[in-house]
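The values are calculated or read from the model by the stated rules, or taken from the named source; none is laboratory data. Only a predicted model underlies this, so the values are computations on that prediction, with no experimental measurement involved. Here the Cβ is made from the backbone with ideal geometry for all residues, glycine too, and neighbour counts use every protein chain on show.
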Amino acid sequence: MKKLMTLAVLISLGACSDRDDEVTVPEPDGAEHYALYCAGCHDPGPGHGGTMLLAEKGAPVPSLIGREDLQYDYLHAVVRNGLIEMPPFRPTELSDQEIEEIYEHIMSQELPANAGNPASS
Ligand code: HEC
C-alpha cells in the first residue's frame, strides 16, 4: 500500500513537472519576431527595401531601429494595414501582443554606429 502511495506521488509529481516544462518553453519574443518578419526590409543599411525606400523619402533615420518618433499606434496600424509597398500582417500571423513586443524590441535597440543613412553615403 505504501509503495502504491509513493508511486501515486511520483506520478503526480511527474505530471506537474511536465506542465512546468510546457510553461517554460520559450515563446518567440519581440526580437525574434522582428528578425523574422521585419528585419529583412527594415534593418539598418543598404539591401533592405523598407530602409532604402524610407531613406529615399528623406527619413532622418530610415531603419526602424534607432527611430525615436515611432508611436505604437502608428506602427500597429502600418503592420495591420500595410503601407504602399509594405504588406499587411493578419492577426493569425502576428497577434496584437506580438506587434507590441516587436515595438518594444525596436524601441529598446540602439542604432549601430556604422549604420548611417544609406542614401547619404
Ligand atoms: C516586404 C518588406 C517589408 C516588410 C516585411 C515589413 N515592412 Fe514595414 N515598410 C516597408 C516599406 C517599403 C515601407 C515604406 C512604405 C512607404 O512609405 O512607401 C514600410 C514602412 C513601415 C513603417 C512606416 C515608417 C514611416 O516612417 O512611416 C513602419 C512603422 C513599418 N514599416 C513597420 C514594420 C514592421 C513592424 C514590420 C514587421 C512586422 C514590417 N514593417 C515589415 C516594407 C516592409
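Overview of values
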{"item": "Residue in the range 24-40 that is in contact with a Gly (Cβ under 9 Å, 6 or more places away or on another chain) and either more than 8 Å from the ligand (Cβ to nearest atom) or at pLDDT 90 or above (or both) present", "result": "yes"}
{"item": "Residue match in the range 44-56 (condition: within 15 Å of ILE102 (Cα to Cα) and surrounded by 12 or more Cβ atoms within 10 Å (Cβ to Cβ))", "result": "no"}
{"item": "Residue pairs meeting the criteria (Cβ under 6 Å; at least 6 apart or on separate chains; first among the aromatic types (Phe, Trp, Tyr), in the range 31-46; second within 7 Å of the ligand (Cβ to nearest atom))", "result": "TYR34/ILE102"}
{"item": "THR92 assigned to a helix (DSSP H, G or I) and either within 26 Å of SER108 (Cα to Cα) or modelled with pLDDT under 95 (or both)", "result": "no"}
{"item": "The lone exception for LYS2 - which of (1) modelled with pLDDT of 95 or more; (2) more than 23 Å from the chain's Cα centre (by Cα) it fails", "result": "(1)"}
{"item": "Residues (within 8 Å of the ligand (Cβ to nearest atom), in a helix (DSSP H, G or I) and free of Cβ contacts under 8 Å to residues at least 24 places away in the same chain) located in the range 50-88", "result": "LEU54, TYR74, VAL78, VAL79"}
